[in-house]
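The values are calculated or read from the model by the stated rules, or taken from the named source; none is laboratory data. Keep in mind the model is a prediction, meaning the values are calculated, not measured. Glycine gets a Cβ as well: all are built from the backbone with ideal geometry, and neighbour counts include every protein chain shown. All accessible areas refer to the heavy atoms of the entire protein, side chains included, with ligands and DNA or RNA removed. Shrake-Rupley method; radii C 1.70, N 1.55, O 1.52, S 1.80 Å.
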Amino acid sequence: MEASLDSCTDRIDSRVGGVDSCAGDSCVDRADSRADGVPTGKQPVSARPSHRQYHPDSHRLADWTTLGVGADAETVVCARSEEEIIETVTEADRVGKPLLMLGGGSNIVPSDQPFEGVVVRDMREELEVLHNSGCGGVEVRVSAGHAWDTLVARAVQEDWMGFEALSGIPGTVGAAPVQNIGAYGQEVASLVSSLWVYDRLTRSRRQLFVADLQMGYRTSVLKRSLHDARISQGKTWRNTGRWIVLSVDFHTPHASLSAPIGYAQLANALGCELGQRVDNRQVRAAVLALRESKSMVLDDANQNTYSAGSFFTNPIVDAERASQIDPQAPRFPVGDGQVKLSAAWLIAHSGFDKGYRLNPQAPASLSTDHVLAITNRGGARAQDIRALASAVQQGVRAQWGIELVPEPVYLQ
């Protein structure tokens, strides 16, 4: 049965054919449920790996990143409580040490020089259900260190609608709103209700609501605080921004069907129309298959997955500038006269093929499956990754006059 997207009003305690009914609106099929409303009796959904952090005692950033590059960090703190995180961040700021809050290490490019500062890894895997009802949906609070796809797997298993197209993305819950992660027509911005953060400027713990986050395409005020001094009274931050995410509150309806499919490639894989809703498990399976075909799901046996995922964001330009690009180039209107171009198309049409290397022996290359990923073929250093990224940027700039912006953060 398809779930209404509207909130139900008064709940009627009736069971017709094992289905709860609501006054006014149709609810999701709850034929098998625990007392808290969570469906049971379904096959469990397995999570995919969210990081490569197999050596918790290591201070070597290569052991903490999906690219597998980076030198030693002076101090690594594996924090197991919110208090420990806040105390460590506060002390690092007090003594002027560079700080890196590390999630899954899937969105950073370290340096080959030692990181002379403090790396903090949130080791908590906590999830608290704050509210759960058949018609009011579910609200959950998840610790920042929680593996992202472990959350998605549980959401799909328990019919929490809206997570399914975000399956298989490496990283942690705390990093998701910073980057406003998105894939196949969904963004995390549609799921977040608020964050609990530690504010490094005011040295206080506070709640930020979704409107405060100013989320956009692969950005948020959290991310922009790294470089935009207007956000922090003239101050900028290195490596990690002003706000340290401690936990994230998500709110979403119950539904065994997905959010409306909003991405043509996914619709084609599912054999459905755009805007149609499909069983959320089918959507997860299709998304994982698509990501695996592009080596965008972590797999130690696949060297293409030793990457930071999509290395460049899709450039957004005004309509006049877009009209000057080859008409064959994919483009997507995003409102206010702005057009999103495909970074992958621009790269592929600037002389860079899948598997491109700066020279035949170079230990870094573009993925052999997808030109948007830069990969460590084994033994690469951070400088090899950065050199290849720079060459791609220069090539696209020379061919199209478009500046590609790296999606991962370059550590200073």
How many of the residues making up segment 115-158 are charged (D, E, K, R), within 24 Å of residue 105 (Cα to Cα) and out of contact with any Lys or Arg (no Cβ under 6 Å at 6 or more places or on another chain)?
-> 8
Any hit, segment 277-284, residues being touching a Ser or Thr at 6+ places or on another chain (Cβ under 8 Å), of a type in the set (A, V, I, L, M) and without any contact (Cβ under 8 Å) to a residue 12 or more places away in the chain = no
Could you please let me know if residue 41 is surrounded by fewer than 14 Cβ atoms within 10 Å (Cβ to Cβ), in a loop (DSSP other than H, G, I, E, B) and modelled with pLDDT under 95?
-> yes
If you take the residues of segment 83-104 that are without any contact (Cβ under 8 Å) to a residue 60 or more places away in the chain and of a type in the set (Gly, Ala, Ser), which of them is least open to solvent (accessible area, probe 1.4 Å)?
-> 92
Would you pick out the residues in segment 197-230 that are in contact (Cβ under 8 Å) with a residue 40 or more places away in the chain, more than 21 Å from residue 408 (Cβ to Cβ) and either in contact with a helix residue (DSSP H, G or I) (Cβ under 7 Å, 6 or more places away or on another chain) or surrounded by fewer than 18 Cβ atoms within 10 Å (Cβ to Cβ) (or both)?
-> 198, 199, 200, 201, 203, 205
Examine segment 257-264 for a residue that is touching a Ser or Thr at 6+ places or on another chain (Cβ under 8 Å), at pLDDT 95 or above, of a type outside the set (Lys, Arg) and not in a loop (DSSP other than H, G, I, E, B), and state whether such a residue exists.
-> no
(1) buried (at least 19 other Cβ atoms within 10 Å of the Cβ); (2) more than 19 Å from the chain's Cα centre (by Cα); (3) not small (Gly, Ala, Ser): which one isn't true of residue 122, the others all being true?
-> (2)
Across segment 368-380, which residue is nearest to the chain's Cα centre (by Cα) among those that are open to solvent by 40 Å² or more (accessible area, probe 1.4 Å) and of a type outside the set (Val, Ile, Thr)?
-> 369
Could you check how many residues of segment 279-306 are part of a helix (DSSP H, G or I) and out of contact with any Lys or Arg (no Cβ under 8 Å at 6 or more places or on another chain)?
-> 15
Residue that is nearest to residue 308 (Cα to Cα), among those in segment 371-394 that are assigned to a loop (DSSP other than H, G, I, E, B) and in contact with a strand residue (DSSP E or B) (Cβ under 8 Å, 6 or more places away or on another chain) = 372
Would you pick out the residues in segment 395-412 that are in a loop (DSSP other than H, G, I, E, B) and either within 28 Å of residue 222 (Cα to Cα) or hydrophobic (A, V, I, L, M, F, W, C) (or both)?
-> 402, 403, 404, 405, 407, 408, 411, 412
For segment 261-276, enumerate the residues that are touching a residue at least 40 places away in the same chain (Cβ under 8 Å) and open to solvent by 60 Å² or more (accessible area, probe 1.4 Å).
-> 263, 265
Could you please let me know if residue 80 is open to solvent by 10 Å² or more (accessible area, probe 1.4 Å) and in contact with a Ser or Thr (Cβ under 6 Å, 6 or more places away or on another chain)?
-> no
Considering each of 361, 399, 393, 383 in turn, give the residue that is open to solvent by 20 Å² or more (accessible area, probe 1.4 Å) and over 26 Å from residue 71 (Cβ atoms).
-> 399
Return the only residue of 210, 188, 192, 178 being touching a Lys or Arg at 6+ places or on another chain (Cβ under 6 Å) and of a type in the set (A, V, I, L, M).
-> 178
Is one or more of the residues making up segment 63-76 touching a helix residue (DSSP H, G or I) at 6+ places or on another chain (Cβ under 9 Å), closer than 30 Å to residue 202 by Cα, surrounded by fewer than 20 Cβ atoms within 10 Å (Cβ to Cβ) and polar (S, T, N, Q)?
-> yes
When segment 180-191 is checked residue by residue, the ones that are modelled with pLDDT of 95 or more and either under 19 Å from residue 265 (Cα atoms) or open to solvent by 10 Å² or more (accessible area, probe 1.4 Å) (or both) are 181, 182, 183, 184, 186, 187, 189, 190
Which numbered condition trips up residue 300, out of (1) out of contact with any strand residue (DSSP E or B) (no Cβ under 7 Å at 6 or more places or on another chain); (2) more than 23 Å from residue 409 (Cβ to Cβ); (3) surrounded by 13 or more Cβ atoms within 10 Å (Cβ to Cβ); (4) in contact (Cβ under 8 Å) with a residue 24 or more places away in the chain?
-> (3)
